[in-house]
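Chemist: Below is one structure. I have some questions about it.
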Amino acid sequence: MIGFVIRYVVIAVVVMLIPKYVKGITVDGYLVALYVALAMGFLNSFVKPILKIISFPITFLTLGLFSLVINVGLVYLVEAYIDGFHVNGFVAPLIFSFIVGMTNSLVGMFTK
């Protein structure tokens with residue numbers, strides 16, 4: 001249980017830091033960042049696997065590049081539901097999802 005809390009607090013801190021380095025993303029506060037981290041975790045756990053199964057043919061045809069579109073779409077879905085989190089463009093949410101994913105992987109290695 002403590003690993004879960006540590007993981008999402010670290011991801012929330014990263015979500016707060018990303019807008020300082022990536023233009024096109026704004027986060028209004030730490031509580032918003034925590035909500036974004038929880039929403040991204042929920043969507044990556046439950047919605048993303050379903051989307052990957054449904055979009056397997058197009059992902060196969062594009063040699064895996066369509067999975068980037070799925071990641072950007074999930075970031076925009078989080079933006080639609082959480083007030084105070086705003087995203088513009090395609091590259092900014094792509095970088096955002098990459099950084100959050102890498103952070104999630106790194107923290108996951110240490111909190112098992």
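Any read-out appearing in this document is the output of simple, stated calculations on the displayed coordinates, not a laboratory observation. Computed from a predicted structure; not experimentally measured. Because the Cβ atoms are built from the backbone with ideal geometry, glycine has one as well, and the counts that use them run over all protein chains shown.
Chemist: Find the residue count for region 11-28, including only residues that are in contact with a Pro (Cβ under 7 Å, 6 or more places away or on another chain) and farther than 15 Å from residue 98 by Cα.
Modeler: 2
Chemist: Look at residue 42 and say whether it is in contact (Cβ under 8 Å) with a residue 24 or more places away in the chain and either assigned to a helix (DSSP H, G or I) or surrounded by fewer than 16 Cβ atoms within 10 Å (Cβ to Cβ) (or both).
Modeler: In short, no.
Chemist: Then there's this: Considering only region 17-36, how many residues are touching a Gly at 6+ places or on another chain (Cβ under 6 Å) and among the β-branched types (Val, Ile, Thr)?
Modeler: Of the residues in region 17-36, 1 are touching a Gly at 6+ places or on another chain (Cβ under 6 Å) and among the β-branched types (Val, Ile, Thr).
Chemist: Further, regarding this structure: Identify all residues within region 40-60 that are over 20 Å from residue 90 (Cβ atoms) and aliphatic (A, V, I, L, M); write none if there are none.
Modeler: Listed by number, the residues that qualify are 50, 53, 54.
Chemist: Name the single residue, out of those in region 11-36 being without any contact (Cβ under 8 Å) to a residue 60 or more places away in the chain and of a type in the set (Gly, Ala, Ser), that is surrounded by the fewest Cβ atoms within 10 Å (Cβ to Cβ).
Modeler: Restricting to residues being without any contact (Cβ under 8 Å) to a residue 60 or more places away in the chain and of a type in the set (Gly, Ala, Ser), the top hit is 29.
Chemist: Another question, if that's okay. Could you tell me how many of the residues in region 77-98 are more than 19 Å from residue 34 (Cβ to Cβ) and either in a strand (DSSP E or B) or without any contact (Cβ under 8 Å) to a residue 24 or more places away in the chain (or both)?
Modeler: 1
Chemist: For region 76-91, name all the residues that are surrounded by fewer than 12 Cβ atoms within 10 Å (Cβ to Cβ) and of a type in the set (D, E, K, R).
Modeler: If the condition is that a residue be surrounded by fewer than 12 Cβ atoms within 10 Å (Cβ to Cβ) and of a type in the set (D, E, K, R), then 83 is the only one that fits.
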